[in-house]
Amino acid sequence: MNRNVAEIINSLFIEFIGKVFNLKSDGIEVTLFSIDFEANNAKCHIKLDISHKGDRNGFNESLGWRKTRTGIDFGSKDNQNLNNFYVFWNFFNEKTKKQEIFDENKHLKDGYFGKVKKATLDNEDIDIDKFKSEYRDFKFTVQIIMNQILQEFAGMIKDPRNDNCTGFLEKFHNLWDKSHLFYDSIKK
């Protein structure tokens, strides 16, 4: 098995998430959603960005597995310390090129940017109030599912038996379902 965490993440982002969700990824980060709106004559975006934290604790741990005694092979799944992804809603202003962590009080309310009245996702109008009520929970859901997907993906690469492939596909389908439900819930 390849022992390079970055290559495994690259493959997951580009070959699976990018192709199934029809998204572009540089293999380091993927944007799952981009909410578009205008404020003060500038095009702005709120993006749900996902990136891997890197090979922080060793190869196995960075993929959601415990070490074996020898440290060479995967041990058991580590279902307690699954914290391998950064998942953030980021704000980006095309005019100023400013990018920062999204803050609904700053970016969607009266004040600096004025009251945002219309926002779209894939050219579909969204309900801004519904988005504000659900975006935090969805972010945490994505973070949990991404950790599970990575764990199953690494297990599938290591041993591509049917049951390992099935686990990966089930977790991946869960991401698809939750994303679709979120999309449907915020559409007008």
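Does any residue in the range 146-167 that is of a type in the set (D, E, K, R) come within less than 9 Å, Cβ to Cβ, of a residue that is surrounded by fewer than 22 Cβ atoms within 10 Å (Cβ to Cβ) and not in a helix (DSSP H, G or I) six or more places away or on a different chain, and which pairs are these?
152/77; 158/1; 158/65; 158/73; 158/74; 159/1; 159/74
Any residue at all in the range 53-74 that is at pLDDT 90 or above, within 17 Å of residue 147 (Cα to Cα), aliphatic (A, V, I, L, M) and open to solvent by less than 60 Å² (accessible area, probe 1.4 Å)?
Within the range 53-74, none of the residues are at pLDDT 90 or above, within 17 Å of residue 147 (Cα to Cα), aliphatic (A, V, I, L, M) and open to solvent by less than 60 Å² (accessible area, probe 1.4 Å).
Whether any residue in the range 168-181 is surrounded by fewer than 16 Cβ atoms within 10 Å (Cβ to Cβ) and aromatic (Phe, Trp, Tyr) is what I want to check.
Yes: the range 168-181 contains one or more residues that are surrounded by fewer than 16 Cβ atoms within 10 Å (Cβ to Cβ) and aromatic (Phe, Trp, Tyr).
So in the range 83-107, with the set limited to residues that are under 19 Å from residue 132 (Cβ atoms) and not in a strand (DSSP E or B), which one is modelled with the highest pLDDT?
Restricting to residues being under 19 Å from residue 132 (Cβ atoms) and not in a strand (DSSP E or B), the top hit is 102.
The values are calculated or read from the model by the stated rules, or taken from the named source; none is laboratory data. The model shown is predicted, which means the values in this text are computed figures rather than measured ones. Positions of Cβ are generated from backbone atoms using ideal geometry, with glycine treated the same way; all protein chains shown enter the neighbour counts. Ligands, DNA and RNA are stripped out before the accessible areas are found, and what is left, the full protein with its side chains, is counted by its heavy atoms. Shrake-Rupley method; radii C 1.70, N 1.55, O 1.52, S 1.80 Å.
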